[in-house]
Every structure is written in C-alpha cells, then in structure tokens.
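Here, each number is a calculation from the coordinates, and none is a lab measurement. What you are looking at is a predicted structure, and each value in this text was computed from that prediction instead of being measured. Every residue, glycine among them, receives a Cβ derived from its backbone with ideal geometry; neighbour counts consider all protein chains shown.
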Protein chains: 2
Amino acid sequence: MERVPILKIGGVLLVSIQIDLQDQSVLALQEDLAEKISTTGAHGVVIDISAVEIVDSFIGRMFATIASISRLFDADTVVVGMRPAVAITLVELGLTLGGVRTALNLERGMKILEQVRRDA
Amino acid sequence: MERVPILKIGGVLLVSIQIDLQDQSVLALQEDLAEKISTTGAHGVVIDISAVEIVDSFIGRMFATIASISRLFDADTVVVGMRPAVAITLVELGLTLGGVRTALNLERGMKILEQVRRDA
C-alpha cells in the first residue's frame, strides 16, 4: 500500500495528495497525521489537492475527519489547490467538504493558518 | 498521464514525488518545472522523495537534469527525504545523484537554499 508522505514546514504539516485514495490508504494517512501532529506539535495542517481530479463524498468525509482529528490536537486544517473543475462539480452536486476551510494555494493556506493562530 | 504537482512556498518550489515516474511523466515534470520557475522567479527547488522506495540511475539522471534546468534560471536544487534503505542502495551500487545536493528533510533543505542564496 502506498502511503501519503507528510512534510513539515515550520509549525505546519503539508499533505500533498497524488494517489487514488482507497479505504486503507485513507486510514493510514489519518493515523500517520495524528501521530505526526502529536510528535511535532504542529498548529496547522494543509492538504494540497492540486493533483486530485475527482473529489467525491468519500474524499469530502476524509477532509472532515482529518480536520476533526487535527482539532483534537488544537491544529487547524485548510484544503488548498482545488482544480476549477472540481470546485464546479462540488457545487453542482451539492457536496460539502464537511466545513473544512479552503484556500487558493499553499501560500494562502499557510497565511490563513498563521492568522487563525494569531487571532486565537 | 499523472502529473506531479509543483507547490510554491515563498521563493521555493516544492515537488513531492509519489508516483512511479515513467519517461513521459518525467518529461512533463521537467517542462512544468521550467515553466513554473520562469513565471514565479523561484530561487530554489526542493524535490521530496520520502515516498520513493527505489532510486535508480534513471531517477538520478532526472535529478541532475532538473538541477541543470533550475541552474539556467539561477535556482538551486536540493533533494530531501531520502529513505535510509534508498541511501544504502545508492552507495552499494555506486550510484550518484549527478552532483545534486541532498538534505535530511524539507526544513533543512529550505535552510540550505536560504544559505546558498545569502552567500551568492
């Protein structure tokens, strides 16, 4: 099974999703992420989906679950890099990302995380 | 064909390799990267290979080519996140990464790029 690598930039963990996520790899990612947030004390998680062509309710639920897990460690989650076609499909199908914040790209996502942290 | 996404963090471009690279995807990555360096004016490129299980001479040549392309745009290249097993195999087989600089992880790689830039 392929594992999604988790990179650390300052106090933020970056997850760039490039593989087709199956049940097993999603579970592994959630475990790895919980482990990594707890060991690094990261205050934010950025999930980059610029390589993802299809976002369905399964992926949406994964974002929501990751955000809930992060929240338990007092970390915020931002989804970045959504393709225009993906955004259109989400709206057309009436799908939501479980209340997870989104941003245009990695840099804006990191800025939002900084801001949330300062305001807290 | 899957494309490897290129993320921007400040003046650095981040490429996280998670797919098995074939000739076509390597060519596409090199083109995308040249395009992105030229449009963003990035001063550094970090290639994360923490998800890569096998580094052979084909991948090594790709690193060298990417570094040469980056150099033409006055940008430096660092390869980060190599797995211990990959490092051992490289040494045992006498393979080199074409003179490309390596660092333990993303943060150290970014530090090296900052340093190189300051010293220049």
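One table, with the values for the structure above:
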{"read-out": "Residue match in segment A:59-82 (condition: basic (Lys, Arg) and more than 12 Å from chain B (Cβ to nearest Cβ))", "value": "yes"}
{"read-out": "Considering residues of segment B:1-25 that are more than 9 Å from chain A (Cβ to nearest Cβ) and either surrounded by fewer than 21 Cβ atoms within 10 Å (Cβ to Cβ) or of a type in the set (D, E, K, R) (or both) only, the residue farthest from B:Val46 (Cα to Cα)", "value": "B:Met1"}
{"read-out": "Residue among A:Val55, A:Val46 that alone is away from chain B (no Cβ under 14 Å), β-branched (Val, Ile, Thr), in contact (Cβ under 8 Å) with a residue 12 or more places away in the chain and surrounded by 21 or more Cβ atoms within 10 Å (Cβ to Cβ)", "value": "A:Val55"}
{"read-out": "Only one of A:Ser57, A:Ser50, A:Ser70, A:Ser38 that is touching an Asp or Glu at 6+ places or on another chain (Cβ under 9 Å) and either over 24 Å from B:Lys8 (Cβ atoms) or hydroxyl-bearing (Ser, Thr, Tyr) (or both)", "value": "A:Ser70"}
{"read-out": "Residue match in segment A:77-90 (condition: farther than 17 Å from B:Ile9 by Cα, within 15 Å of the chain's Cα centre (by Cα) and among the small types (Gly, Ala, Ser))", "value": "no"}
{"read-out": "Meets criteria (crowded, with 16+ Cβ neighbours inside 10 Å and either more than 13 Å from chain A (Cβ to nearest Cβ) or part of a helix (DSSP H, G or I) (or both)) for B:Ala28", "value": "yes"}
